[in-house]
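Take a look at the structure set out below.
The values are calculated or read from the model by the stated rules, or taken from the named source; none is laboratory data. These numbers come from a predicted model, not from an experiment. No Cβ is skipped: glycine too gets one built from the backbone with ideal geometry, and neighbour counts run over all protein chains shown. To get the accessible areas, we keep the full protein, side chains included, count just its heavy atoms, and leave off ligands, DNA and RNA. Shrake-Rupley method; radii C 1.70, N 1.55, O 1.52, S 1.80 Å.
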Amino acid sequence: MTHESKRIYGWALYDWANSAYATTVMAGFFPLFFKAFYSADTDATLSTAQLGVANAVSSIIVVLLAPLLGAIADAGGIRKRFLLLFAFLGILMSAALALVGKGQWELAAFIYVLGNIGFMGSNIFYDAFLPSVTSEERFDKVSGLGYALGYLGGGILFALNVAMVQQPEWFGLADAAAGVKASFVSVALWWMLFALPFVLWVKEKRNTRKIGTVTLTVLGYRRLMRTFHKIKHLRGLFLFLVAYWFYIDGVDTIIRMAVDYGMAIGFEAGDLIKALLLVQFVGFPATILVAKLAQMWDTKKAIYLTLGFYVLIAILAAFMHDVSSFYLLAAMIALVQGGIQAMSRSYYSKMIPAEYAAEFFGFYNFLGKFATVLGPLLIGAVALATESSRAGIASVAVFFVIGALLLYMVDEKAVAEEVRGAMR
């Protein structure tokens, strides 16, 4: 295996590693276990609010820290150190969830917030390594590989975890609750084990100057302010970030709408878990396919394809009524969800200087974490105006249309030249 191949697979396998947390903990078991076990004696509505606050707090903390930490990491050449620090936090907190007792919702929520910060924080620096591990002409393929392996790795462990919960006696576990706790520990072990290729194979050029922590923080802050000032005047890059904000808001809204829709038509927890597994295993080949299409056409055309598919999803979702239609919706989302995220990351990477990658991805993730703000508001407003929740669901299509129109005005090569010129 060549040095470049090692770098690429070491980088991509980190997605395989930490996607287990996103699938088993964030999307799969923690929301259900929080309500049934950690908040067993709490009103269902209140426990939902508590979980919502925990998610919001972790996102806000990452949003506020991302750009500054990115600037500090770029200035000091310590992206890898930050990635591993956040990863260690996420791994530790995932295992710690197994120690929380029944009814201890405050402790569970606190550990979950820290775990989310570890997961989301490490992803900022993970994204920023893409320009360092391969050449620009391979961004689409490598970015797609990362997301695809994330779906597959997360899906494999989640399938095992589902078996641990549904058939705990197969694993020598006392009951389903013990199965969930063991699943949290398995996520920590999986994340730690499969992060090792990244640790061993992905190198970073370190700053040869010894800079103190305070000095480095000041340098990072100054660098951040300089970049923020410049981004406001970089029309092309700013246009892309606004386009991304619109359509990723639509993507996240569709995901949440699908879960709410499943609950509304009477899905059991087991049905939702099956739908999540379907998304994982369909998402793996679908993401690779979208990456190949991007290489055959170009990245922007691949993003257009996924946006068009999302418009279709939003419209068809308004006409779905039964369980089979929900699974169809989940499969359709899986066809493009990884693709649009992977190609957006690749497209953005082509426009930014590699030496400022963590800082620029700080802004990118800043917008990503603020997604799903406009979507729910639009759904509510349209539903009230038309007295039809189905019209509200279909209205999400407008975000993909706006995102596509703004994206049309972006020329990545011209933007890349403009950004590199401004950052000299």
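Annotation for the stretch 246-269: no member residue is assigned to a helix (DSSP H, G or I), open to solvent by less than 50 Å² (accessible area, probe 1.4 Å), at pLDDT 80 or above and polar (S, T, N, Q). Every condition in (1) under 20 Å from ALA182 (Cα atoms); (2) under 20 Å from the mean Cα position of the chain (by Cα); (3) open to solvent by less than 60 Å² (accessible area, probe 1.4 Å) holds for ALA66 except the one numbered (1).
Of the set (1) under 23 Å from PHE246 (Cβ atoms); (2) in contact (Cβ under 8 Å) with a residue 40 or more places away in the chain, all apply to ASP271 but (1). Take the residues of the stretch 285-324 that are charged (D, E, K, R) and part of a helix (DSSP H, G or I): which is surrounded by the fewest Cβ atoms within 10 Å (Cβ to Cβ)? If we take residues in the stretch 285-324 being charged (D, E, K, R) and part of a helix (DSSP H, G or I), then LYS301 is surrounded by the fewest Cβ atoms within 10 Å (Cβ to Cβ). Taken over the stretch 317-370, the residue count meeting the criterion of being under 25 Å from THR134 (Cβ atoms) and among the basic types (Lys, Arg) is 2. Which of the residues belonging to the stretch 1-43 are basic (Lys, Arg) and in contact (Cβ under 8 Å) with a residue 40 or more places away in the chain? Answer for the stretch 1-43, where residues must be basic (Lys, Arg) and in contact (Cβ under 8 Å) with a residue 40 or more places away in the chain: LYS6, ARG7. Return the residues of the stretch 109-148 that are small (Gly, Ala, Ser) and either crowded, with 24+ Cβ neighbours inside 10 Å or touching a Lys or Arg at 6+ places or on another chain (Cβ under 7 Å) (or both); say none if nothing qualifies. Passing the criteria: GLY115, GLY118, GLY121, SER122, ALA128, SER143, GLY144, GLY146, ALA148. Close contacts from the stretch 397-424, counting a first residue that is within 30 Å of ILE333 (Cβ to Cβ) and a second that is open to solvent by 50 Å² or more (accessible area, probe 1.4 Å) and of a type in the set (Gly, Ala, Ser), with Cβ to Cβ under 6 Å and a gap of 6+ residues or different chains, come to none at all.
When the residues of the stretch 149-196 are narrowed to those that are open to solvent by 60 Å² or more (accessible area, probe 1.4 Å) and among the aliphatic types (A, V, I, L, M), which ends up nearest to VAL282 (Cα to Cα)? Among them, the one singled out is ILE156. Exactly one residue out of TYR356, TYR348, TYR327 is part of a helix (DSSP H, G or I) and either within 19 Å of GLY250 (Cα to Cα) or at pLDDT 90 or above (or both), and it is TYR348.
Filtering the stretch 118-150 to residues that are in a loop (DSSP other than H, G, I, E, B) and under 18 Å from the mean Cα position of the chain (by Cα) leaves only PHE129.
Here's the yes/no breakdown for (1) at pLDDT below 90; (2) of a type in the set (Ser, Thr, Tyr):
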{"position": "LEU374", "(1), (2)": "yes, no"}
{"position": "ALA383", "(1), (2)": "yes, no"}
{"position": "GLY392", "(1), (2)": "yes, no"}
{"position": "SER395", "(1), (2)": "yes, yes"}
{"position": "VAL401", "(1), (2)": "no, no"}
{"position": "ALA404", "(1), (2)": "no, no"}
{"position": "LEU407", "(1), (2)": "no, no"}
{"position": "VAL410", "(1), (2)": "no, no"}
{"position": "ARG420", "(1), (2)": "yes, no"}
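Against the numbered list (1) under 30 Å from GLU4 (Cβ atoms); (2) open to solvent by 20 Å² or more (accessible area, probe 1.4 Å); (3) touching a residue at least 24 places away in the same chain (Cβ under 8 Å), MET93 comes up short only at (1).
Residues in the stretch 69-90 that are surrounded by fewer than 24 Cβ atoms within 10 Å (Cβ to Cβ) and of a type in the set (D, E, K, R): LYS80, ARG81.
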